[in-house]
Amino acid sequence: MNTGEFQEDMDSAELLSVSDQNGAVIVTLLAREVTMFTLAEVRMTLDKVVAQKPGLLILDVSQTRYLDSSGMAVLFKLRHQVNSYQGRFCIAGLTGQLKNVMSKILKKDSIPIYDDVATALRDR
């Protein structure tokens with residue numbers, strides 16, 4: 001079984017978790033790699049979260065090492081959706097190569113980036 005087949009068989013519970021901390025919704029990506037093969041499940045869960053219109057949505061990517069271009073597109077769509085109802089969206093936990101790539105692509109005023117979830121929560 002190749003990696004793509006394995007990722008397609010994963011369900012959303014294995015890909016991410018959702019929690020609420022004092023009104024902030026934290027979505028933690030559990031997959032080390034988010035690619036077009038896993039993105040449908042991730043996007044479906046994110047759409048359900050955004051439909052609830054949380055005031056602050058934090059995407060914790062501390063366990064994720066790779067995000068392909070389709071994953072990047074979802075981040076920008078997510079930002080647009082949250083901004084449309086005057087909510088706040090940020091990313092926490094970028095590490096390694098993903099941090100290098102995303103910090104070049106994302107402007108801090110576009111999507112705020114925090115070292116960890118605790119820092120993002122403090123900066124409400």
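Just so you know, all these numbers are worked out from the coordinates, no wet-lab data involved. Remember, it's a predicted structure, so these values are computed and weren't measured experimentally. FYI the Cβ positions are ideal-geometry reconstructions off the backbone, even for glycines, and counts take in every protein chain you see.
Ranking of Ile26, Ile105 by neighbouring Cβ atoms within 10 Å, starting from the fewest: Ile105, Ile26. Of the beta bridges in the chain, as assigned by DSSP with both residues counted there, near 30 percent are antiparallel.
A Cβ-based charge dipole, computed about the Cα centre of region 3-111 with Lys and Arg at +1 and Asp and Glu at -1, lands at about 720 debye. Residue pairs exceeding 22 angstrom between C-alpha atoms, taken from Lys48/Lys77; Lys77/Lys99; Lys53/Lys77; Lys53/Lys104: Lys53/Lys104. Taking Lys and Arg as +1 and Asp and Glu as -1, the other residues whose beta-carbon sits under 9 Å from that of Gly55 total +3. Across all C-alpha atoms in the chain, the radius of gyration and Dmax reach 13.6, 44 Å.
Helices in the chain, meaning DSSP H runs of at least 4 residues, each add -39500 (n - 2.57). Divided by all residues, the mean residue ellipticity at 222 nm is -13000 deg cm²/dmol.
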